[in-house]
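Engineer: Input: one structure, supplied below.
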Amino acid sequence: MPALADTTIRLLGQEPLAGRLSTAEQLNIARILDRAGFAYLEVSGGGCFDSAVRRGVESPWERIRALKANVETPLGLALRGRFLVGSRPVDNDFIRRFIASAAENGIDVFRLHDPLNDVSNLREAADAVATAGGEFEAGLVYSPGRTGETDPLMEQASELPNLGAARVLLHDPTGSLQPHRARELVTGLREATGLPVGISFFGRAWSEPTLIKLAYSYEQGTKHRKPPKFLATATP
């Protein structure tokens, strides 16, 4: 079934926004998002861990636990394959221990991607996610390159079902994915994997009205809507 995920909390925890809002304020935002009907909230990733370590103010694990205690929506974590949340690859034992710790602290969905789309670098992390009882969402990075060829992307994607991926997420970090190419890629990825396919996109500063319009168009096109939860109102 079509669904939407939100990355607001993760983006607030990494540069250039890290430290701009207190944890208490972020928890208030999370409670609002919790009532919006998202499939999951992506609340942390490499940038969040890096910012937390550099600033030395807060443990990223404590932040995840606090979020888990305040929302019912599943929580997601973005990882860079064998790099996890760092800039260097780590060994298999570290990968297993890290993912097990993430699951114990409240992470339900693990979005794994390799910067070069080498899905073989996701295998150990994918196995660790399965062992921890989490959900593995496979990310693929789209880049048009000089020729715009998509065959290598499809070839890598065809291996994802064997790794236990629940779905495929096409990430467009450069904003270069055109509508006709999006249709081609989504159709091709669905045929190559047999898995649900999603697209990750971001808006520029102050582009919230445009993002809301996109979400509304999505809702109207799919006829999918998860009714939001409303808090009980006080009566005099």
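Here, each number is a calculation from the coordinates, and none is a lab measurement. None of these values were measured; they are calculated from a predicted model. Glycine also receives a Cβ, built like all others from the backbone with ideal geometry; neighbour counts cover every protein chain displayed.
Engineer: When ranked by the protection proxy of mean other Cβ atoms within 10 Å per residue, highest first, what sequence do the peptides 113-122, 15-24 form?
Structural biologist: Values: 113-122: 17.8, 15-24: 12.4.
In decreasing order of mean packing, 113-122, 15-24 become 113-122, 15-24.
Engineer: Between A182 and N70, what is the label-to-label distance in nm when each label sits 7 Å out along the Cα-to-Cβ direction?
Structural biologist: In this crude label model, A182 to N70 measures out at 3.2 nm.
Engineer: Let me ask you something else. Points 7 angstrom from Cα along the Cβ direction at A24 and R55: gap in nanometres?
Structural biologist: My value for the distance between the label points is 1.6 nm.
Engineer: Relative contact order, percent, of the range 5-222 when contacts are C-alpha pairs under 8 Å separated by at least 6 residues?
Structural biologist: Working: 331 pairs, mean separation 29.3, N = 218.
That works out to 13 percent.
Engineer: For the chain, rounded, prolate or oblate, judged on the Cα gyration tensor with a ≥ b ≥ c (square roots of eigenvalues), a/c < 1.5 rounded, else prolate if a/b > b/c? If you can, show how the numbers build up before the last one.
Structural biologist: Numbers: a/c = 1.60, a/b = 1.16, b/c = 1.38.
Here the chain falls in the oblate category.
Engineer: Roughly how many whole Å is it from the C-alpha centroid of the range 156-205 to that of the range 40-106?
Structural biologist: 23 Å
Engineer: Applying a 10 Å radius around every beta-carbon, put 163-169, 174-180 in order of their mean neighbour count, most first.
Structural biologist: 163-169, 174-180
Engineer: Ordered by packing density, taken as the mean number of other Cβ atoms within 10 Å over each peptide's residues, highest first, how do 87-99, 64-76 rank? Walk me through the numbers before you get to the answer.
Structural biologist: On the way: 87-99: 14.3, 64-76: 18.1.
The most tightly packed comes first, giving 64-76, 87-99.
Engineer: Subtracting the Cα-Cα distance from 0.36 nm times the residue separation, let me have the gained length for Y216 to T174 in nm, one decimal. Intermediate values should be presented prior to the final figure.
Structural biologist: Working: separation 42, 0.36 × 42 = 15.12 nm, distance 2.34 nm.
Gain on stretching Y216 to T174: 12.8 nm.
Engineer: Amide H neighbours of L169 under 5 Å, at least 5 residues apart or on other chains, H built in the peptide plane: list them.
Structural biologist: Hits under the 5 Å cutoff: A138, G139, L140, G198.
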